[in-house]
Structure formats: C-alpha cells, structure tokens
Amino acid sequence: MIRFQGLNKWFGSALHVLKDINLDVAKGEVVVVCGPSGSGKSTLIRCVNGLEPFQEGKLVVDGTDLSAKNAALRELRMEVGFVFQQFNLYPHKTALENVTLAPIHVRGLSKAEATERGKALLAKVGLADRMNNYPSQLSGGQQQRVAIARSLCMQPKIMLFDEPTSALDPEMINEVLDVMVSLAKEGMTMMVVTHEMGFARKVAHRVVFMDQGAIVESGEPASFFGNPTHDRTRDFLSKVLHH
Amino acid sequence: MFWFQVERLLNYWPILLKGLGMTISLSLLSLLVGCVIGLLFGIIRAGRIRWLSALTGLYIDLFRGTPFLVQVFICFFILPTVGIELSAFSAGVIALSNLSACFIGEIIASGIKAVPKGQSEAALSSGLRYSQQLRLVILPQALRIVRPSLVGQFILLVKDSSVISAIGIMDLTRSGWMIVQNIPNGLLVFGVVGIGYFIICYPMIFVARRMERRQQTSIL
C-alpha cells in the first residue's frame with residue numbers, strides 16, 4: 001500500500017532530513033513511527049500524501065508513484081486522510097460543515113448524502129450533539145475527533161496521523177486514542193506518528209524508530225519494546241516509558 | 001453678514017445635493033470595480049506564480065507611489081493623445097477604480113498570507129483544487145481578518161475622490177468651488193462640503209469600529 005525505496009530528502013542543500021528510507025506498509029497494517037523531535041518522522045509522513053516533496057528515491061502510495069513529475073496528487077489525496085497535530089479545522093465552518101466540505105466539493109456528493117454520512121461519522125466519534133458547534137466552541141479533544149471524522153468522511157484507504165495527541169491536554173488524549181484504536185481494529189491502513197507508546201503496544205503491527213532522519217529500528221511491538229537492539233532506541237524508550 | 005451668507009448658501013442646496021450625489025456614485029462605482037480587480041490582484045500577489053506576483057506588485061507600487069492627481073491627469077489628458085478619448089466621469093472612475101484596486105489588492109494579499117498555513121494544508125490534503133481552497137477555506141478567513149482595514153481604505157478612497165474635481169467633474173468639492181465664487185466665505189462653504197463627506201464616511205467609520213470590536217471579542 002505504501003512503499004518507500006531509498007527515499008532521501010534535503011531542506012535546502014545542507015539539511016539532510018530523510019536518509020535512505022526503506023519502508024513497506026501493507027494494506028490493513030498499523031505502523032507507529034516514533035523518535036525524538038527533529039528526527040524526521042513528521043516529514044516522513046507528510047511525504048506520503050505529497051505535502052512534502054523529496055529529491056531522491058521512490059515512494060509509491062496506493063499505486064501512485066510520487067516521484068513521478070506528473071503524479072496525480074489530488075486523486076491520491078482523496079484516498080489518503082491526514083490528521084494534523086494542530087487539528088486545522090476550518091474555523092468559519094461548523095463541525096458538520098467541516099466534515100462534509102470535501103465530500104461535497106471533491107467527491108461530488110449531494111449535500112443530503114454528505115450530511116447523512118457526516119452525521120453518522122460525528123456520532124461515531126462521540127460528537128452527535130456537537131455537530132452545529134464551531135471549532136472555537138469545542139475542546140481540543142473534540143476538535144481532533146472532528147478532524148478525524150473529516151478525514152474519514154472521504155472514505156479514505158489510508159489514514160495518516162501526525163502527532164494527533166501532542167497538542168492536547170492529558171485528560172483529552174484518551175478520547176482521541178479510543179477513536180484511533182477502533183479505526184485500527186476495523187482494518188484501516190494507518191501510519192501514526194506519536195509518542196503514545198501505550199497505543200503502539202495495543203494496536204500497532206509494527207513500530208518504527210527514527211533518529212536524525214534515518215530509520216534506526218523497526219519491529220513488532222513485543223520485540224520492539226521487550227528487547228530493542230540499538231542503544232539509541234533503548235535510550236529513547238527509557239525516556240518516554242519511565243515517566 | 002454671516003446669516004445673510006447662510007441664507008444665500010441655502011439657495012445653492014440643489015447644487016450641493018447634486019455634488020453629493022456625484023461623489024457618492026463616483027465613489028461607489030469605483031469601489032465596486034476596485035474590489036473586483038483588487039480581489040484578483042490580492043490573489044495574484046499572494047499566489048505561487050512568482051513572476052506574475054512580482055509584476056502585479058510593481059504595478060501596484062507604481063500607483064501607490066505616485067500622487068493621485070497625476071494619475072487623474074494622465075487618464076484625462078494623456079490617454080486621449082494615444083487615441084483613448086474619455087469623458088471626465090469615465091476618466092475619474094477609471095483612475096479611482098485603479099487606485100482602489102491597488103490598495104485593496106495589497107490588503108487582501110496580506111489577509112491571505114495571514115491565514116495559518118495549516119488551513120491550506122488541510123484543504124490540500126482533502127483533495128480540494130487550488131481554486132476551491134481559495135474560495136471555500138482561505139478567502140472567507142482572509143476577508144474576515146482584513147475587513148476593518150478594508151473599510152478604513154474605503155473611507156480614504158471616498159475622500160480621495162475629491163481630487164477628481166480637478167478635471168471638471170461636478171462632485172461635492174467642485175460644487176464648493178463654484179459656490180465660493182458667489183459667497184465669499186470659504187470657511188462656511190467648505191465647512192458644509194466637509195460635512196457632506198462626513199455624512200458619507202461616518203456610517204462607514206461606525207461600521208468599521210463595530211467590526212473591530214466584534215473581531216476582538218470573537219473567539220476565532
């Protein structure tokens with residue numbers, strides 16, 4: 001479903017932010033990407049839907065080759081949902097309007113169809129009673145759940161999460177993770193950048209550890225957490241697990 | 001003496017009223033055209049086509065950096081020499097629309113740039129085309145941000161319209177010039193003219209102030 005082959009990316013000419021990335025994500029697989037800040041994990045996930053260009057190597061997502069100059073990015077983005085750290089809801093639209101905007105204008109759904117689908121999804125993320133609220137009237141956790149519903153309303157094949165809980169107050173993290181867990185259990189293909197190791201342990205098929213732009217280690221949660229092979233992984237885990 | 005002049009001035013009210021009407025129609029028409037072109041300028045200025053943005057920027061700076069009177073004279077006196085004959089009214093509307101478009105364009109461009117980058121990224125990620133991103137996500141927010149400064153600019157442009165009296169349009173200012181030939185009391189006559197402009201501008205000032213207050217209290 002997602003295949004990185006020898007991908008390299010530089011910011012400018014000096015800053016080598018992604019170094020020789022090789023990674024496969026199969027259909028229905030949940031891959032958690034972790035690592036210290038500045039390790040390139042956000043950049044990595046942003047490459048998958050073409051938010052970040054890269055200079056070298058190959059990246060194929062759902063049959064679309066992103067290294068090609070004329071890659072059909074818009075068509076790809078219709079199939080790939082993206083959830084941001086800062087939610088990025090449209091502040092001038094209600095929760096329901098946020099969710100139905102792209103289905104109406106990109107998928108060409110009628111307003112009635114989109115509204116029906118949107119209401120069902122907002123109910124699914126536990127916000128049936130908040131549909132007509134504006135983002136500014138919602139808590140961070142509620143906003144992020146709207147953002148997830150917004151992506152799901154396009155019925156994507158892949159969902160990407162870029163630190164979805166990092167901007168949330170601690171008591172709101174679980175309400176968002178719960179939605180993500182149920183999504184993972186439904187068989188959604190997911191790439192999740194997060195520090196929530198509990199989530200990784202529970203639902204990830206694979207955990208990838210990045211440092212300084214390179215993938216250092218990757219493995220199933222049991223072996224990744226139980227017996228990491230690299231010092232840098234161990235060092236990182238000791239920092240995120242023991243607090 | 002003073003009351004006698006006031007009485008005579010009252011006889012001139014049809015001229016003053018006509019002048020007021022001319023100033024209103026001239027400003028309104030120019031602002032309307034200026035908004036449409038200014039929106040286009042703003043989108044281009046904030047857009048990704050570098051050379052077009054730079055070219056538009058140069059054009060805008062050219063008009064922002066030269067006196068409006070000179071622009072009006074060029075429209076009215078120079079354009080005919082290259083075969084474009086214009087009535088004073090058309091020349092006035094063209095000059096003022098153009099100036100409005102330049103100022104409004106820069107304001108709208110600043111508004112577009114002030115919308116957080118995450119907004120266009122979210123819109124882009126959901127598969128919206130660039131034109132849809134602008135129309136549905138970016139512009140509604142950008143216009144909300146710049147609304148107070150936009151109304152402020154409208155007020156300045158209404159007042160700038162007085163410059164156009166120089167090419168013989170019977171607007172409020174020129175009515176004043178005419179009347180003062182007969183009633184030699186400049187303070188009185190132009191006091192009344194000033195009140196005329198204030199009558200047009202005050203509602204706009206009022207609206208702008210309310211908008212600013214609303215923006216400060218809004219939770220956005």
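The values are calculated or read from the model by the stated rules, or taken from the named source; none is laboratory data. The structure displayed is predicted, hence computed values, not measured ones. Cβ placement follows ideal geometry from the backbone for every residue including glycine, while neighbour counts extend to all protein chains displayed. With ligands, DNA and RNA removed, areas are computed over all heavy atoms of the protein, side chains included. Shrake-Rupley method; radii C 1.70, N 1.55, O 1.52, S 1.80 Å.
Of the listed requirements (1) open to solvent by 20 Å² or more (accessible area, probe 1.4 Å); (2) closer than 23 Å to B:D171 by Cα, B:E121 misses just one: (2). Among all positions in the range B:157-174, there is at least one residue which is open to solvent by 20 Å² or more (accessible area, probe 1.4 Å) and either touching an Asp or Glu at 6+ places or on another chain (Cβ under 6 Å) or not in a helix (DSSP H, G or I) (or both). Scanning the range A:1-29 for residues that are under 12 Å from A:T189 (Cβ atoms) and among the hydrophobic types (A, V, I, L, M, F, W, C) yields a total of 4. Within the range A:84-98, is there a residue that is farther than 30 Å from A:H205 by Cα, more than 11 Å from chain B (Cβ to nearest Cβ) and open to solvent by 40 Å² or more (accessible area, probe 1.4 Å)? No, the range A:84-98 has no match at all.
The single condition among (1) of a type in the set (A, V, I, L, M); (2) in contact (Cβ under 8 Å) with a residue 60 or more places away in the chain; (3) surrounded by 17 or more Cβ atoms within 10 Å (Cβ to Cβ) that A:A167 does not meet is (3).
Condition check ((1) more than 21 Å from the chain's Cα centre (by Cα); (2) within 14 Å of chain A (Cβ to nearest Cβ)) across all residues:
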| site | (1), (2) |
| --- | --- |
| B:E106 | no, no |
| B:A109 | no, no |
| B:L124 | yes, yes |
| B:L128 | yes, yes |
| B:S131 | yes, yes |
| B:L143 | no, yes |
| B:P148 | no, no |
| B:R174 | no, no |
| B:N185 | yes, no |
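If you go through the range A:66-83 and keep only what is in a loop (DSSP other than H, G, I, E, B) and either within 8 Å of chain B (Cβ to nearest Cβ) or basic (K, R) (or both), you end up with just A:K69. State whether the residues of the range A:35-47 include one that is of a type in the set (V, I, T), within 13 Å of the chain's Cα centre (by Cα) and closer than 21 Å to A:P156 by Cα. Yes, the conditions are met somewhere in the range A:35-47.
Do you know which residues across the range A:186-243 are outside any helix (DSSP H, G or I) and among the small types (G, A, S)?
Within the range A:186-243, A:G187, A:A204, A:G213, A:A214, A:S218, A:G219 qualify.
Can you find, within the range A:127-151, the residue that is surrounded by the most Cβ atoms within 10 Å (Cβ to Cβ) among those that are within 11 Å of another protein chain (Cβ to nearest Cβ) and part of a helix (DSSP H, G or I)? Looking at residues that are within 11 Å of another protein chain (Cβ to nearest Cβ) and part of a helix (DSSP H, G or I), I get A:R150. Just one of the listed residues (A:K58, A:K124, A:K119, A:K27) is basic (K, R), open to solvent by 30 Å² or more (accessible area, probe 1.4 Å), free of Cβ contacts under 8 Å to residues at least 24 places away in the same chain and away from chain B (no Cβ under 13 Å), and it is A:K119.
Across the range A:197-216, the number of residues qualifying as under 25 Å from A:A123 (Cα atoms) and out of contact with any helix residue (DSSP H, G or I) (no Cβ under 6 Å at 6 or more places or on another chain) comes to 1.
For the range B:44-83, filtering for residues that are of a type in the set (V, I, T) and exposed (fewer than 15 other Cβ atoms within 10 Å of the Cβ) leaves 7. Looking at the range B:184-201, is at least one residue open to solvent by 70 Å² or more (accessible area, probe 1.4 Å), β-branched (V, I, T) and out of contact with any Ser or Thr (no Cβ under 7 Å at 6 or more places or on another chain)? Within the range B:184-201 (the criterion being open to solvent by 70 Å² or more (accessible area, probe 1.4 Å), β-branched (V, I, T) and out of contact with any Ser or Thr (no Cβ under 7 Å at 6 or more places or on another chain)), the answer is yes, since at least one residue qualifies.
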